[in-house]
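Chemist: Have a look at this one.
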Amino acid sequence: MTSTLPLPTLFSRALATASKAANLPTVDDETQELIQSAVTDLQELDRRVAALSLFSSNEVLEDISTRNLVYLFARYVLAEVQNRMKTTDRDERMTVLKQTQVHLRSFIHDLDSYCLVPEVDRALYAQSASSIKDAAKRREVKIKQFKAEKDLRARIEVVRKRRKQIPIGDLSQNDLDLIRSLLPSTVTPQVSSEDEDEDEDNSEIDEILREAVLLLLRLNYAQAYSQLESMDQELELLRCAPPPPRPGPPSDDRKNRLKEQDDMWKLDTKTPVGESGPLLDSSGKPLRPFTILPAGVSDRTRLQSQVFGPGHRLPTMSIDEYLKIEQERGNILTGGGPQSEEQPTSSEQLAMDSETDGTVFGEMKSEEKRQKDEQWAQFKDANPRGAGNTMNRG
């Protein structure tokens, strides 16, 4: 039935359906039905426009009539509506994004082929702000693009006022309603019914209408580039996202598998293998209970007592006991101080003992003193005074 409808009526119905769906939540079934209906009408419209060859590469912008110029919006609207289709998994969403990008690039190509957008604006919109690493330059590009889009909206509002239509700032309208207001069957300024046919053919009205269409095409051109950049970022996120988890087995199988995994590490499970059989199977699974601790009772007690012991070595003796042992080993020096000065030296004590007469001890000390003096005399004879001082003569 859609093939028999006139193009303006088909396009108007698709725009009305899409505009209604734009004001509803995307996840609702009613919204998805409206979106699917709009996509079907827009695909049929795009097919019929291509079959009628309304746009040709041999023509220039001035050769296209104002009535046919509005159908350049078809692929942009198709991309806008198709992007709102609900998807359930990552691959499906990536497919929708890629199809939407194809429609947007076709729309941009059509406008570029007719040189509808000035070269300065084309260079500005083609810049991808996300690819600019310098934050200051990225911010500057975004501000320029926003100002250019704001200027286009202001110019469109001026043209709409000239056509005596609702201003663009009205919240009840969106871009889809603006495109719908430019269709041939709906473009009627507020004049009397007697002059309606005459005003449609008026060149001034056609000029105002053409200016509005061109400005809105340029606005959608800027929005198309912005949407392409957002879709590229979304596609990159979807490619880097982890794969969705696979559906698990039924609950009974999952419980059985968990039980098998638990039994694998339990040492008290009943096994058909006796105590004299092998301890582990070929895969390393224990076949019977085993004990890691030593078999001796004393070793068990010793290891058990160390379970809650300190992590460092404790002292085995007191400080006084340690000093006593060191003194017995002769590692502690004694003496010194004022008392040692009053005590005689070994030579003085030997001289005092040798003077003791009439005793065996005195004779022994006297002989010891004589031998010491003789050894000292022999040493002095062998080493005269100054013999070791060569006075630097080698």
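Chemist: In the range 41-56, what count of residues is obtained for those that are within 22 Å of E211 (Cα to Cα) and exposed (fewer than 15 other Cβ atoms within 10 Å of the Cβ)?
Modeler: 1
Chemist: Do any residues in the range 99-114 that are open to solvent by less than 70 Å² (accessible area, probe 1.4 Å) have Cβ atoms under 6 Å from those of residues that are hydroxyl-bearing (S, T, Y) and part of a helix (DSSP H, G or I), where the two are at least six apart or on different chains, and which pairs are they?
Modeler: F107/Y76; L111/Y221
Chemist: Scanning for something under 30 Å from E260 (Cβ atoms) and loosely packed, with under 11 Cβ neighbours inside 10 Å, does the range 343-351 turn up at least one residue?
Modeler: There is no residue in the range 343-351 that is under 30 Å from E260 (Cβ atoms) and loosely packed, with under 11 Cβ neighbours inside 10 Å.
Chemist: If you check A14, A51, which single one turns out to be part of a helix (DSSP H, G or I), out of contact with any His (no Cβ under 9 Å at 6 or more places or on another chain) and either under 18 Å from N220 (Cβ atoms) or basic (K, R) (or both)?
Modeler: Result: A14 is the single residue among A14, A51 that is part of a helix (DSSP H, G or I), out of contact with any His (no Cβ under 9 Å at 6 or more places or on another chain) and either under 18 Å from N220 (Cβ atoms) or basic (K, R) (or both).
Chemist: Taking A14, is it within 14 Å of L176 (Cβ to Cβ), within 41 Å of the chain's Cα centre (by Cα) and open to solvent by less than 10 Å² (accessible area, probe 1.4 Å)?
Modeler: It is true that A14 is within 14 Å of L176 (Cβ to Cβ), within 41 Å of the chain's Cα centre (by Cα) and open to solvent by less than 10 Å² (accessible area, probe 1.4 Å).
Chemist: Looking at (1) modelled with pLDDT of 85 or more; (2) surrounded by 10 or more Cβ atoms within 10 Å (Cβ to Cβ); (3) among the basic types (K, R), find the lone condition where R302 falls short.
Modeler: (1) is the only condition that R302 fails.
Chemist: Condition test on A22, is it touching a residue at least 60 places away in the same chain (Cβ under 8 Å) and either of a type in the set (A, V, I, L, M) or at positive phi (or both)?
Modeler: Yes.
Chemist: Report yes if I132 is under 26 Å from the mean Cα position of the chain (by Cα), among the β-branched types (V, I, T) and more than 17 Å from L219 (Cβ to Cβ), otherwise no.
Modeler: yes
Chemist: Would it be correct to say that A38 is among the aliphatic types (A, V, I, L, M) and under 22 Å from L215 (Cβ atoms)?
Modeler: So A38 does not fit the description; no.
Chemist: Working only within the range 42-70, note down all residues that are touching a Leu at 6+ places or on another chain (Cβ under 6 Å) and within 14 Å of L5 (Cβ to Cβ).
Modeler: Once the filter is applied, which keeps residues that are touching a Leu at 6+ places or on another chain (Cβ under 6 Å) and within 14 Å of L5 (Cβ to Cβ), the range 42-70 yields L42, L45.
Chemist: Okay, moving on. Counting only residues that are modelled with pLDDT under 80, give me the helices (runs of 4 or more DSSP H) lying completely in the range 77-175 with at least 3 of them.
Modeler: It comes to 135-162.
The values are calculated or read from the model by the stated rules, or taken from the named source; none is laboratory data. Just so it is clear, the model here is predicted, and its values are computed rather than measured. Because the Cβ atoms are built from the backbone with ideal geometry, glycine has one as well, and the counts that use them run over all protein chains shown. The area values use the complete protein model at the heavy-atom level, side chains included, leaving out ligands, DNA and RNA. Shrake-Rupley method; radii C 1.70, N 1.55, O 1.52, S 1.80 Å.
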